[in-house]
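Structure, as structure tokens:
The values are calculated or read from the model by the stated rules, or taken from the named source; none is laboratory data. Remember, it's a predicted structure, so these values are computed and weren't measured experimentally. Backbone-built Cβ (ideal geometry, glycine too); neighbour counts: all protein chains shown. For accessibility, only protein heavy atoms count, side chains too; no ligands or nucleic acids. Shrake-Rupley method; radii C 1.70, N 1.55, O 1.52, S 1.80 Å.
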Amino acid sequence: MGKGKAPRRTLDSYTLRNINKTIKAGDCVLMRPAERSKPQYVARIERIEADARGGNVKVHVRWYYRPEESIGGRRQFHGSKEVFLSDHYDVQSADTIEAKCTVHSFKSYTKLDAVGNDDFFCRFEYNSATGAFNPDRVAVYCKCEMPYNPDDLMVQCEGCSDCMWECTFDSGFTLLV
């Protein structure tokens, strides 16, 4: 008769010795990619489990996708630190966690004084099977009717109160679009 699967228990938190940080459900983390040339994966921890002896720690995660990992790819209005909360869940070894990070709401991200390497923002949820976004619309600005990209400077016209993107070109002149 074969051995049954060892019982697992849910942990409230777990300390990662390699980075000396404690993680818990709800925390966002950066996870090691299979290929070192790829950027780290961003995930939200849903649950932490260990075997009966407290070893073999696994994290149940919900993945964030980068725009280039989505159907349609990266667009001009996507910020460099933008991620989408997906419907893709997975179980990974806690040993693959390389750092903790923060995924801000779009509004709180735009109010940060300084953006660090571990800061990201999310304004969409993403269905990985259909490529659909929620919300499926986002406010647009300017005469070009593009959504706001927090990486680009936007100025407001004093005359009409329209917002415009300020684009500086290599030649040194500035164009308000």
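Within the stretch 52-65, identify whether any single residue is among the small types (Gly, Ala, Ser), out of contact with any Asp or Glu (no Cβ under 8 Å at 6 or more places or on another chain), in contact (Cβ under 8 Å) with a residue 12 or more places away in the chain and assigned to a strand (DSSP E or B), and answer yes or no.
Within the stretch 52-65, none of the residues are among the small types (Gly, Ala, Ser), out of contact with any Asp or Glu (no Cβ under 8 Å at 6 or more places or on another chain), in contact (Cβ under 8 Å) with a residue 12 or more places away in the chain and assigned to a strand (DSSP E or B).
Please go through the stretch 19-49 and give me each residue that is aliphatic (A, V, I, L, M) and at pLDDT 95 or above, ordered by number.
Pass one, the stretch 19-49, residues aliphatic (A, V, I, L, M): 19, 23, 25, 29-31, 34, 42-43, 45, 48.
Answer for the stretch 19-49, where residues must be aliphatic (A, V, I, L, M) and at pLDDT 95 or above: Ile23, Ala25, Val29, Leu30, Met31, Val42, Ala43, Ile45, Ile48.
Pairs only if they're at least six apart or on different chains, beta carbon under 7 angstrom, first in the stretch 120-135 and more than 18 Å from Arg44 (Cβ to Cβ), second open to solvent by 30 Å² or more (accessible area, probe 1.4 Å); list them, first residue then second.
From the stretch 120-135, the pairs are Gly131/Ile71; Gly131/Gly72.
Results for (1) closer than 30 Å to His60 by Cβ; (2) assigned to a strand (DSSP E or B); (3) open to solvent by 70 Å² or more (accessible area, probe 1.4 Å); (4) at pLDDT 90 or above, shown as yes or no for each residue.
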| residue | (1), (2), (3), (4) |
| --- | --- |
| Thr102 | yes, yes, no, yes |
| Leu112 | yes, no, no, yes |
| Gly116 | yes, no, no, yes |
| Thr130 | yes, no, yes, yes |
| Asp136 | yes, no, yes, no |
| Asn149 | no, no, no, no |
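Suppose we filter the stretch 23-75 for residues that are open to solvent by less than 60 Å² (accessible area, probe 1.4 Å) and either among the β-branched types (Val, Ile, Thr) or not assigned by the TED database to the domain that holds Asp119 (or both); how many remain?
8
Here are some conditions: (1) under 18 Å from the mean Cα position of the chain (by Cα); (2) touching a residue at least 12 places away in the same chain (Cβ under 8 Å). Gly73 meets all but one. Which one does it not meet?
Result: Gly73 passes all but (2).
How about the stretch 15-42: which of its residues are closer than 20 Å to Val83 by Cα and touching a residue at least 40 places away in the same chain (Cβ under 8 Å)?
Asp27, Cys28, Val29, Leu30, Met31, Arg32, Gln40, Val42
Is the stretch 91-99 home to any residue that is touching a residue at least 12 places away in the same chain (Cβ under 8 Å), in the same structural domain as Arg17 (by the TED database) and more than 15 Å from Pro33 (Cα to Cα)?
No, the stretch 91-99 has no match at all.
What are the residues in the stretch 66-88 that are closer than 14 Å to Val42 by Cβ and not in a loop (DSSP other than H, G, I, E, B), if any?
Pro67, Glu68, Glu69, Glu82, Phe84, Leu85, Ser86, His88
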